[in-house]
Amino acid sequence: MDQIAVRGGQALSGTIPIAGAKNACLALMPATLLSDEPLTLTNAPRLSDISTMTQLLASLGAEVSDLQDGKVLAMSSHDLNNHTADYDIVRKMRASILVLGPMLARDGHAVVSLPGGCAIGARPVDLHLKALEALGAELDLRDGYVHAKAPGGLKGAEIEFPFVSVGATENVLMAATLAKGTTVLKNAAREPEIVDLASCLRAMGAQIEGEGTSQITIQGVERLHGATHPVVTDRIELGTYMLAPAITGGDILLEGGKIGLVGAFAEKLDQAGIHVSEEPGGLRVKRKNGRVSAVDIVTEPFPGFPTDLQAQMMALLCTADGTSVLEERIFENRFMHAPELMRMGAQIDVHGGTAKVTGVERLKGAPVMATDLRASVSLILAGLAAEGETVVSRVYHLDRGYERVEEKLGACGAQIERVQGV
Ligand code: UD1
């Protein structure tokens, strides 16, 4: 298994290009299942999660070719010859559940393995299933699989989600494009990835209004056609690299970054003493002066502070002047990075969903272990600021969501290298 070794202490300066969003791409790829014409995605990120979705779609009979070194995904679901998403693939990645709505909408039947829990919590899919039932699907849960049928096709309905779910909104949004009549989604997720999915579906001929607000209306159509769609910029990769000059000092331009993607996060950086400005080429980030200040964080659905940036922000606050309180409201067990950061000298007190972080002058390098995707990159950020060497193991978590991390940070002066196959 690969490791990443970081020698901390350098201020970082330069330019980092931000890739297309992993989470948007993982929802856009299953949209190919809605049409028998080709769907092409440009600006795709090159990540292991994208390869897993490619493998899943291929197992269903879709053709997926990656062109231009993986930046373009040309997909065709002309001949779907299997309607079962197997446990062996689904267990690797929860987003696999997103093939359920599209397959059911197009062909009236689908069998998808239940994803099961993951390190950051139980993460059920009950909201996805209830909403598909509201569209007329008949579901039977047996042998760890969801067996879904809609013999007469799906029918539009009004669905109010009890709380915001990104994945459930995506699954039902896709299914509703081919349902008979009108579907209204209330308390829908408002994330940029939802807006991106709606815009791709519209390019395929879907009739959708209201994406980006909490109410989305979909008028079902007979069929969807082919399209070419650019994947939106990855706001989590953007936010992660915005923290690099914040934690080390220096000045970095995040190419392709836009403030609208990271509003609540940039506000917190401003309060912590980090200057963020939007330029024609992207977002420029540097410290205002001296040590960063403590700030309190509460994670919320978009447009609030994203849970996917909580671990990385914690790394920054470990070096801040004062005590910060971080409250995690989206997932029940998302502080696994805390004990690893404490191995580097951080002072963190976790109680349930709240972490109290008292900043220290300087973190110290240590061998640490990545426990999930965002936790792994928070340890790299901490390593960039720490004295001495930090070696992060289990970086396969990192490779799910960050492409060429060592190249991107290395180009800004970081001393970082991948140690292969340790
Ligand atoms: C997506 C993102 C993930 C991000 C999360 C929240 C992708 C591939 N992943 O995950 O990176 O952290 O949004 O912004 O886009 N829940 C239920 N029942 C359900 C569905 C969700 O109880 O049927 C709960 C979850 O356990 C969690 C909360 O709702 O506590 C929010 O989850 P959700 O928004 O659905 O997250 P994902 O779509 O899985």
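The values are calculated or read from the model by the stated rules, or taken from the named source; none is laboratory data. No experiment lies behind these values; they were computed from the predicted model shown. Methodologically, a virtual Cβ is constructed for each residue, glycine included, from the backbone with ideal geometry; neighbour enumeration extends over all protein chains shown. All accessible areas refer to the heavy atoms of the entire protein, side chains included, with ligands and DNA or RNA removed. Shrake-Rupley method; radii C 1.70, N 1.55, O 1.52, S 1.80 Å.
Consider TYR241 against the criteria (1) assigned to a helix (DSSP H, G or I); (2) surrounded by fewer than 21 Cβ atoms within 10 Å (Cβ to Cβ): it satisfies all of them except one. Which criterion is unmet?
Condition (2) is where TYR241 drops out.
Does ALA338 satisfy the criteria of being away from the ligand (no atom under 16 Å from the Cβ), at pLDDT 95 or above and part of a helix (DSSP H, G or I)? It would help to see each step written out before you state the result.
On the way: away from the ligand (no atom under 16 Å from the Cβ): yes; at pLDDT 95 or above: yes; part of a helix (DSSP H, G or I): yes.
Against the criterion (away from the ligand (no atom under 16 Å from the Cβ), at pLDDT 95 or above and part of a helix (DSSP H, G or I)), ALA338 qualifies.
For the stretch 274-294, which residues satisfy the criterion of being open to solvent by 30 Å² or more (accessible area, probe 1.4 Å) and more than 16 Å from CYS318 (Cβ to Cβ)?
Listed by number, the residues that qualify are HIS275, VAL276, SER277, GLU278, GLU279, PRO280, GLY281, ARG284, LYS286, LYS288, ASN289, GLY290.
Can you tell me which residues in the stretch 302-335 are open to solvent by 50 Å² or more (accessible area, probe 1.4 Å), within 11 Å of the ligand (Cβ to nearest atom) and not hydrophobic (A, V, I, L, M, F, W, C)? Break it down into steps so the answer makes sense when it comes.
First pass over the stretch 302-335, keeping only residues open to solvent by 50 Å² or more (accessible area, probe 1.4 Å): 303, 321, 323, 325, 327, 329-330, 332-333.
Those left that are additionally within 11 Å of the ligand (Cβ to nearest atom): 329-330, 332-333.
If the condition is that a residue be open to solvent by 50 Å² or more (accessible area, probe 1.4 Å), within 11 Å of the ligand (Cβ to nearest atom) and not hydrophobic (A, V, I, L, M, F, W, C), then ARG329, GLU332, ASN333 are the ones that fit.
Which numbered condition trips up GLY260, out of (1) within 30 Å of GLY383 (Cβ to Cβ); (2) outside the structural domain of ALA131 (by TED's automatic domain parsing); (3) surrounded by fewer than 23 Cβ atoms within 10 Å (Cβ to Cβ)?
(1)
Looking at (1) part of a strand (DSSP E or B); (2) open to solvent by 40 Å² or more (accessible area, probe 1.4 Å), which is the one condition that is false for VAL112?
(2)
Tell me which residues, restricted to the stretch 96-126, are modelled with pLDDT of 95 or more and within 9 Å of the ligand (Cβ to nearest atom).
ILE97, LEU98
Between a first residue in the stretch 226-245 that is at positive phi and a second residue that is surrounded by fewer than 24 Cβ atoms within 10 Å (Cβ to Cβ) and among the polar types (S, T, N, Q), which pairs have beta carbons less than 7 Å apart while being 6 or more apart in sequence or on different chains?
Final answer for the pair search is none.
Among (1) in contact (Cβ under 8 Å) with a residue 60 or more places away in the chain; (2) farther than 26 Å from GLY421 by Cα, where does SER65 come up short?
Tallying (1) in contact (Cβ under 8 Å) with a residue 60 or more places away in the chain; (2) farther than 26 Å from GLY421 by Cα, SER65 fails exactly one: (1).
Of all residues in the stretch 137-149 being in contact (Cβ under 8 Å) with a residue 40 or more places away in the chain and open to solvent by 20 Å² or more (accessible area, probe 1.4 Å), which is farthest from the chain's Cα centre (by Cα)?
Filtering the stretch 137-149 for residues in contact (Cβ under 8 Å) with a residue 40 or more places away in the chain gives 144-146, 148-149.
Then keep just the ones that are open to solvent by 20 Å² or more (accessible area, probe 1.4 Å); that gives 144-145, 149.
Working: GLY144: 25, TYR145: 24, LYS149: 29 Å.
Checking each candidate, the answer is LYS149.
If you take just the strands (runs of 3 or more DSSP E) that sit entirely in the stretch 1-88, which of them hold at least 1 residues that are open to solvent by less than 20 Å² (accessible area, probe 1.4 Å) and modelled with pLDDT of 95 or more?
On the way: elements: 3-7, 12-17, 39-42, 63-67, 72-76.
Output list reads 3-7, 12-17, 39-42, 72-76.
So is ALA206 over 19 Å from ILE97 (Cβ atoms), crowded, with 22+ Cβ neighbours inside 10 Å, out of contact with any strand residue (DSSP E or B) (no Cβ under 6 Å at 6 or more places or on another chain) and assigned by TED's automatic domain parsing to the domain that holds LEU39 or not? Let's see the steps before the verdict.
Working: over 19 Å from ILE97 (Cβ atoms): yes; crowded, with 22+ Cβ neighbours inside 10 Å: yes; out of contact with any strand residue (DSSP E or B) (no Cβ under 6 Å at 6 or more places or on another chain): yes; assigned by TED's automatic domain parsing to the domain that holds LEU39: yes.
Yes.
If you take the residues in the stretch 173-196 that are within 10 Å of the ligand (Cβ to nearest atom) and of a type in the set (D, E, K, R), which one is nearest to ILE330 (Cα to Cα)?
First, pick out the residues of the stretch 173-196 that are within 10 Å of the ligand (Cβ to nearest atom): 189, 191, 193-194.
Within this subset, residues satisfying the condition of being of a type in the set (D, E, K, R) are 191, 193.
On the way: GLU191: 14, GLU193: 17 Å.
Here the answer is GLU191.
On the basis of being among the acidic types (Asp, Glu) and not assigned by TED's automatic domain parsing to the domain that holds ARG202, does GLU222 make the cut? If you could, list the steps in order and put the result at the bottom.
On the way: among the acidic types (Asp, Glu): yes; not assigned by TED's automatic domain parsing to the domain that holds ARG202: no.
Answer is no for this residue.
Given the conditions (1) surrounded by fewer than 18 Cβ atoms within 10 Å (Cβ to Cβ); (2) closer than 25 Å to GLY20 by Cβ; (3) not β-branched (Val, Ile, Thr), which single one is not true for GLN271?
It fails just one condition, (2).
Can you tell which of GLU170, GLU133 is within 16 Å of the ligand (Cβ to nearest atom), at pLDDT 95 or above, open to solvent by 60 Å² or more (accessible area, probe 1.4 Å) and part of a helix (DSSP H, G or I)? Write out each step before concluding.
Numbers: GLU170 fails: open to solvent by 60 Å² or more (accessible area, probe 1.4 Å).
Of GLU170, GLU133, the one residue that is within 16 Å of the ligand (Cβ to nearest atom), at pLDDT 95 or above, open to solvent by 60 Å² or more (accessible area, probe 1.4 Å) and part of a helix (DSSP H, G or I) is GLU133.
Which one of the conditions (1) polar (S, T, N, Q); (2) open to solvent by less than 10 Å² (accessible area, probe 1.4 Å); (3) over 24 Å from HIS229 (Cβ atoms) does SER96 fail to meet, given that it meets all the rest?
Every condition holds for SER96 apart from (3).
Any idea which of GLY352, GLY304 is assigned by TED's automatic domain parsing to the domain that holds ARG374 and on the phi > 0 side of the Ramachandran plot? Let's see the steps before the verdict.
Numbers: GLY304 fails: on the phi > 0 side of the Ramachandran plot.
That would be GLY352, the only listed residue that is assigned by TED's automatic domain parsing to the domain that holds ARG374 and on the phi > 0 side of the Ramachandran plot.
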